[in-house]
Every structure is written in structure tokens, then in C-alpha cells.
1. Regarding Ala305, is this residue of a type outside the set (Val, Ile, Thr), surrounded by fewer than 17 Cβ atoms within 10 Å (Cβ to Cβ) and closer than 17 Å to Phe120 by Cα?
2. Here are Gly128, Gly200, Gly244: which of them is outside any strand (DSSP E or B), surrounded by 15 or more Cβ atoms within 10 Å (Cβ to Cβ) and in contact with a Gly (Cβ under 9 Å, 6 or more places away or on another chain)?
3. Could you tell me whether any residue of the stretch 36-46 is more than 19 Å from Lys103 (Cβ to Cβ), of a type outside the set (S, T, N, Q) and either touching a helix residue (DSSP H, G or I) at 6+ places or on another chain (Cβ under 8 Å) or in contact (Cβ under 8 Å) with a residue 60 or more places away in the chain (or both)?
4. With the structure loaded, tell me whether Ala36 is surrounded by 15 or more Cβ atoms within 10 Å (Cβ to Cβ), touching a strand residue (DSSP E or B) at 6+ places or on another chain (Cβ under 7 Å) and either assigned by TED's automatic domain parsing to the domain that holds Asn113 or at pLDDT 95 or above (or both) or whether it fails that test.
5. Take the residues of the stretch 203-230 that are part of a helix (DSSP H, G or I) and among the acidic types (Asp, Glu): which is farthest from the chain's Cα centre (by Cα)?
6. Name every residue in the stretch 15-33 that is of a type in the set (S, T, N, Q) and either surrounded by 18 or more Cβ atoms within 10 Å (Cβ to Cβ) or at pLDDT below 95 (or both), in order of residue number.
7. Take the residues in the stretch 50-89 that are assigned to a loop (DSSP other than H, G, I, E, B) and touching a helix residue (DSSP H, G or I) at 6+ places or on another chain (Cβ under 6 Å); name whichever of them is surrounded by the fewest Cβ atoms within 10 Å (Cβ to Cβ).
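The values are calculated or read from the model by the stated rules, or taken from the named source; none is laboratory data. All figures in this text were calculated on a predicted structure; none of them were measured in a lab. Note that each Cβ is placed from the backbone with ideal geometry, even for glycine, and that neighbours are counted across all protein chains shown.
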Amino acid sequence: MSKIVVGIDLGGTNVKTAAVSQDKKILTQDSRPTAAENGPEAVMDVMAQAVKDVVRDAGLSLEDVTAVGIGAPGPMNWQTGIVYSPPNLPGWRNVPLAESMFKRLNVPCYVDNDANVACFGEYWSGAGQGVDTMCLLTLGTGVGGGIVINGELLRGIDGTAAEIGHLKVMRGGRMCGCGSEGCLEAYASVTGQVRTAKEGIAAGQETLLTELSGGDFENLTGKMITEAENQGDSFARWVTHETGMWLGIGVASLINLLNPERIIFSGGMIASGDSLFSAIRETARANAFEVPGKRCEILPAGLGADAGVMGSAACALARHTGEL
């Protein structure tokens, strides 16, 4: 068998790991608790053991591994593999993740931003296959992003490019978690979607969300909004449409700036399906230049929960071979 690559998706709750063949097939995979409260050394021990386990389960040894890729939350220096101070990994400060993992495994290790690797995973083996230029927006607590141009990730001089969630869409708008006002993330993340719903309810809208949240709107979630919409709740449908329109404004700016072939969305919010995507597409095309607006495909992601491990593996392979 030709050599494999291993992808790791490092999250604050779980470490997901996969052994991936160079023809883009997952051979074995694993998910286990991060145990982040135990600190960086213990977490890296968990990661190293997970790598050994998926390689063993594939009937191979570490000598068969070309490289290991790690998708980690930022901020970080992707070139040196140092992770600075990720908010969901307590005790991590200037951790030399790539070097420390190499010492544990004696295999070349590469670290990249988790949103970037998800983007590259979709480009390599998901909904972005067959194009040269694409963007990914990850819709969760915030809005993450990744951009591939001519087959390469756009990272920027400081490694902070593709922070799509912090495009400005409203002067003097909602306060964002980044400390600025009017960011796309403040309107179009799950957090922003829930805030839109709460504002409507406070203004007197009648909705199933009252029942689904048990009357305590602090418990309101994006999943509840989707559930209410699926039960025919017109207010929940409006909230999804409004969120999609904000996303469409951001997408129009990306289309005008980058002229991408595809813009792909991932995250739990895409379960809303056409009610979300129709609002994104209509708003984007109404606000983008006509030719690139019509050309650009706006699609849901194809890899689902595997985007992190596939993207980490793909980035490691491309960096190891000098192609990225």
C-alpha cells in the first residue's frame, strides 16, 4: 500500500483523527474526549495515541505515515506550528504543537487553522472538487472562513486572512464578539440568528419557539429555530430568511472581490436547506456584479463532520510535497 496521511481535528471537546489514503479515502477514524482541562501536554498525549491507534487499526505502522496534519483553533503561526492562546483550550499559550507532536511520533507534523483546513478539505475531496477558486463559510457560534485561490489557501502575511465573519455589513451595528460593530458574524452566525429571534419575540411575535424553549428564551438555540420552521412556524421561517439575507450580503462582497467559482457553507445551520440557501442566493445575486454573481455556485458542504480530518490530512500532504 502507498503511504498514508493522518488528519487530526483538534476541538475543545473532542479530538477526531483519521488515517487517509492518498486517493482521498478514510481508512480508519477515531473520536475521543480532548480532556482540555488537563492542559496541553496531556492533550498532545491524547492526540499522539489517537494517531497510533488509527494507523494500527489500518494494519499499518508509523513508518507508513507520510505526514500528520492538525487543524487547530487559532490564533497560531501556521508556519512554525505554534498555537498562541485558543479560547477553548485552557492553559495553551505559545504551545509548539507541530514540534511537540513530531517528538511524540517522529513523523512530519503540520498545523493549520481549523477553518482553513475545513475549506481545503472541501476543495480536496468535497463540494469544492473541480474548481480552482472557492470560499467556505462555517456557520456556528461564529462565522469562520477559508479561501482557496488557484489551488492554494489564502493565509495573508500574518496568517489571519479569510476572517469572513468579520466583514463589515452594518455601520454602527450589533456588537461582535471581536469587539467591533456591524460584523457579519453578529447577524449571520447561529448566535446572530438566535439574537434576531429574541429581538422579534421581545417585539411581540407569536411563535412555537416559546413552547420549544420552555418559555425561557435564554435557552433558545439554532436547532430550535430549525425545528420550529419544520413545524410550519412562520416567524422561525422569517428568522432563517433574515439570516440568509445577511449571509447573502457578505457573499456578494466575496463575489465582487474574489470572483470565486463556488461558495460553500458548512455547519448545523445548513440543515434549514432551501429556506436558507434561497435567501443567500437571491440576496447575493441582487448585490453582486451580474456576470460573477450568476457564475458563482452557492452550495452546502459535502464532507459533513469529516471536513476537519480530511482537510488536515490534505493540508499536511500538500505542505509536505511543497504544493501548499
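1. Details: of a type outside the set (Val, Ile, Thr): yes; surrounded by fewer than 17 Cβ atoms within 10 Å (Cβ to Cβ): yes; closer than 17 Å to Phe120 by Cα: yes.
Yes, satisfied.
2. Details: Gly200 fails: in contact with a Gly (Cβ under 9 Å, 6 or more places away or on another chain); Gly244 fails: in contact with a Gly (Cβ under 9 Å, 6 or more places away or on another chain).
Criteria check complete, one pass: Gly128.
3. Step one: filter the stretch 36-46 for residues more than 19 Å from Lys103 (Cβ to Cβ), giving 36-37.
So of that shortlist, the ones also of a type outside the set (S, T, N, Q) come out as 36-37.
Then drop every residue that is not either touching a helix residue (DSSP H, G or I) at 6+ places or on another chain (Cβ under 8 Å) or in contact (Cβ under 8 Å) with a residue 60 or more places away in the chain (or both), which leaves 36.
Scanning the stretch 36-46, I find at least one residue that is more than 19 Å from Lys103 (Cβ to Cβ), of a type outside the set (S, T, N, Q) and either touching a helix residue (DSSP H, G or I) at 6+ places or on another chain (Cβ under 8 Å) or in contact (Cβ under 8 Å) with a residue 60 or more places away in the chain (or both), so the answer is yes.
4. Numbers: surrounded by 15 or more Cβ atoms within 10 Å (Cβ to Cβ): yes; touching a strand residue (DSSP E or B) at 6+ places or on another chain (Cβ under 7 Å): no; either assigned by TED's automatic domain parsing to the domain that holds Asn113 or at pLDDT 95 or above (or both): yes.
Judged against the criteria, Ala36 is not a match.
5. Of the stretch 203-230, the ones part of a helix (DSSP H, G or I) are 209-212, 217-219, 222-230.
Retained after the next criterion (residues that are among the acidic types (Asp, Glu)): 211, 218, 227, 229.
Numbers: Glu211: 31, Glu218: 25, Glu227: 23, Glu229: 24 Å.
If we take residues in the stretch 203-230 being part of a helix (DSSP H, G or I) and among the acidic types (Asp, Glu), then Glu211 is farthest from the chain's Cα centre (by Cα).
6. Kept after step one, since they are of a type in the set (S, T, N, Q), are these residues of the stretch 15-33: 17, 21-22, 28-29, 31.
Those that are of a type in the set (S, T, N, Q) and either surrounded by 18 or more Cβ atoms within 10 Å (Cβ to Cβ) or at pLDDT below 95 (or both): Thr17, Gln22, Thr28, Gln29.
7. Residues of the stretch 50-89 that are assigned to a loop (DSSP other than H, G, I, E, B), as a first pass: 58-61, 73-75, 78-81, 84-89.
Checking which are touching a helix residue (DSSP H, G or I) at 6+ places or on another chain (Cβ under 6 Å) leaves us with 73, 81, 89.
On the way: Pro73: 19, Gly81: 21, Leu89: 21.
Looking at the filtered set, the residue picked out is Pro73.
Yes/no matrix, rows are residues, columns are (1) surrounded by 16 or more Cβ atoms within 10 Å (Cβ to Cβ); (2) outside any strand (DSSP E or B); (3) of a type in the set (Lys, Arg):
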{"site": "Asp132", "(1), (2), (3)": "no, yes, no"}
{"site": "Cys135", "(1), (2), (3)": "yes, no, no"}
{"site": "Thr138", "(1), (2), (3)": "yes, no, no"}
{"site": "Gly145", "(1), (2), (3)": "yes, no, no"}
{"site": "Thr160", "(1), (2), (3)": "no, yes, no"}
{"site": "Gly179", "(1), (2), (3)": "no, yes, no"}
{"site": "Thr191", "(1), (2), (3)": "yes, yes, no"}
